[in-house]
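Novice: I'd like to ask you about the structure that follows.
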Amino acid sequence: MRRDLLCCCLLLLPCAAGAEEPQRTVYRNAVLIDGTGAPARPGTSVVVEGERIVAVLPDAKAKAQVKTKGTQVVDLHGQYVIPGLIDTHVHLATPPDAAEAKKALRRQLYSGVTAVRSMADDVRSVAELSREALVGEIPSPDIHYAALMAGPGFFKDPRTIAVTRGRTPGQTPWMQAIDDSTDLVLAVAMARGTSADGIKLYADMPGPLLAKITAEAPRQGIPVWAHGAVFPAMPADDVAAGVDVISHSCPLAYEASAHKPASYHERTPVDEAPFKDGAMPASITDLFASMAARGIILDATNLVYVRHVEEYAREKKGTPPRCSAELTLRLTAQAFKQGVAISSGTDGDNPDDAPFPSLYDELDLLAGPVGMPPMEVLRAATATAARALGQEKTMGTIEPGKLANLVVLAQDPLADIDHVRSVTETVKRGVRYPRSAFTAGDTDSKANGSGTHTPD
């Protein structure tokens, strides 16, 4: 019996009469921007077998690659190739609605987004979406998701009821109420049991308890992703504990604010007096210095705060913004200036009929008022974003051995970051998704999100 048949029979799995060789595709003669920060490389070819990149080489050397039987050649002369983009802060199931989520995910994929980080939703729904995306049953970025831990007081929030429906909020493996009596070894193990990629620390948690969780989680091999201020824990508590990623620039300002909320549900805005006339308090610059030294990533999510400020000014209802749009952007700019790695999270999506997801609007803010050069903006959405997901070994840059996640652009993104909207094709895990196959709003389901979102 042939070895391939024997393996299938021993595993009691269906198998074909012969194992197929992985499809080989050579993307020839593009201008490559590989996500490492290296200069653009004209006349470069990327060789893909199955879902992996096997070679990146000058086009002159790619001629031998195309002679292999069954090789598909894609001529990209005059076009640009960047790594697949990553949104490091989305919500796909709060509350769960698979039809809405699938429409949003489809738009993301056809726009060049090949991975997202779902930051605390109903894991029962998100895990199934993640499986469908991984095996190619739906057109979608790969989905990496969090299990949430917060203090008991947080679980009166109506969102926690929506994402634990049928169970008791705070008493599920993906939404756990934590206090000093909690068995943290068991709690972390339960979170890991959901197949979550990280633990999100969110609200109503004192600094010492936050530190204990952050000590236990890496011992069990799972990263910790924390809200900018976990109330009463402040940003400095996050940093001292050594979390891997901090979400949201705005609440970092509470470190310098005269009044510090004692709980998440207290919506007292940041006291912006210490930031008057362009001042940047020492408590903030010290915070960013420590983040940079420790390699902590800032998932800045500027867009959702800018939009919240605009919405509140227009409608005068709902919860007031925690800080101004100007301060949010200044904090991100200062963090970047001090060497903090910035990742490309959004925390809210665009309306149904928008041709592109909100990630591109976040990139515009990073390149515009935040002042990051286009190359650094691309790194925020690729290499740094992959690290925020804990997936830097498999994605984020175009290198041999990594997943074949590529975006083909008609225009140079280093000349203008807005040129990421010139996407002609997305390649995810070696599968091609031409932009021409996508039309905004072309499915029966509604889009995921209304275009506005109150920051969490």
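Novice: Being under 15 Å from Met280 (Cβ atoms) and in contact with an Asp or Glu (Cβ under 8 Å, 6 or more places away or on another chain) is the filter; apply it to segment 312-346 and report the residue that is surrounded by the fewest Cβ atoms within 10 Å (Cβ to Cβ).
Specialist: Out of the qualifying residues, it is Ser324.
Novice: If you don't mind, another one. What pairs come out if I take residues in segment 124-150 that are at positive phi and pair them with residues that are of a type in the set (A, V, I, L, M) whose C-beta lies under 8 Å away, six or more apart or interchain?
Specialist: Gly136/Val431
Novice: Also, I was wondering about something else. Taking segment 170-226 as the search range and keeping residues that are in a loop (DSSP other than H, G, I, E, B) and within 18 Å of Ser125 (Cβ to Cβ), which one is nearest to the chain's Cα centre (by Cα)?
Specialist: Out of the qualifying residues, it is Asp197.
Novice: Out of the residues in segment 227-253 that are open to solvent by less than 10 Å² (accessible area, probe 1.4 Å) and in a strand (DSSP E or B), state the one that is farthest from Phe336 (Cα to Cα). Show your work before the answer.
Specialist: Taking segment 227-253 and keeping what is open to solvent by less than 10 Å² (accessible area, probe 1.4 Å), we get 227-231, 233, 235, 238-239, 243, 245-253.
In the following step, the residues that additionally are in a strand (DSSP E or B) were identified as 227, 245-247.
On the way: His227: 18, Val245: 15, Ile246: 14, Ser247: 14 Å.
It comes out as His227.
Novice: Please name all residue pairs, on different chains or six or more residues apart, with Cβ atoms under 8 Å, provided the first residue is in segment 258-283 and is of a type in the set (Gly, Ala, Ser) and the second residue is part of a helix (DSSP H, G or I) and open to solvent by 60 Å² or more (accessible area, probe 1.4 Å).
Specialist: Ala258/Ala273
Novice: Which of the residues belonging to segment 395-442 are open to solvent by 10 Å² or more (accessible area, probe 1.4 Å), at pLDDT 95 or above and among the hydroxyl-bearing types (Ser, Thr, Tyr)?
Specialist: Residues satisfying the conditions are Thr397, Ser422, Thr424, Tyr433, Ser436.
Novice: Restricting attention to segment 47-96, and to residues there that are in contact with a helix residue (DSSP H, G or I) (Cβ under 6 Å, 6 or more places away or on another chain) and in a loop (DSSP other than H, G, I, E, B), which single residue is modelled with the highest pLDDT?
Specialist: The qualifying residue modelled with the highest pLDDT is Leu92.
Novice: I've got another one for you. Can you tell me how many residues in segment 398-409 are in contact with a Gly (Cβ under 8 Å, 6 or more places away or on another chain) and farther than 14 Å from Val113 by Cα?
Specialist: Number of matching residues: 2.
Novice: Assess whether Pro95 counts as being open to solvent by 20 Å² or more (accessible area, probe 1.4 Å), under 26 Å from the mean Cα position of the chain (by Cα), on the phi < 0 side of the Ramachandran plot and in contact (Cβ under 8 Å) with a residue 60 or more places away in the chain. Please lay out each step first, then the result.
Specialist: Values: open to solvent by 20 Å² or more (accessible area, probe 1.4 Å): yes; under 26 Å from the mean Cα position of the chain (by Cα): yes; on the phi < 0 side of the Ramachandran plot: yes; in contact (Cβ under 8 Å) with a residue 60 or more places away in the chain: yes.
Judged against the criteria, Pro95 is a match.
The values are calculated or read from the model by the stated rules, or taken from the named source; none is laboratory data. What you are looking at is a predicted structure, and each value in this text was computed from that prediction instead of being measured. Please note: Cβ atoms are built from the backbone with ideal geometry, for glycine as well, and neighbour counts cover all protein chains shown. Ligands, DNA and RNA are stripped out before the accessible areas are found, and what is left, the full protein with its side chains, is counted by its heavy atoms. Shrake-Rupley method; radii C 1.70, N 1.55, O 1.52, S 1.80 Å.
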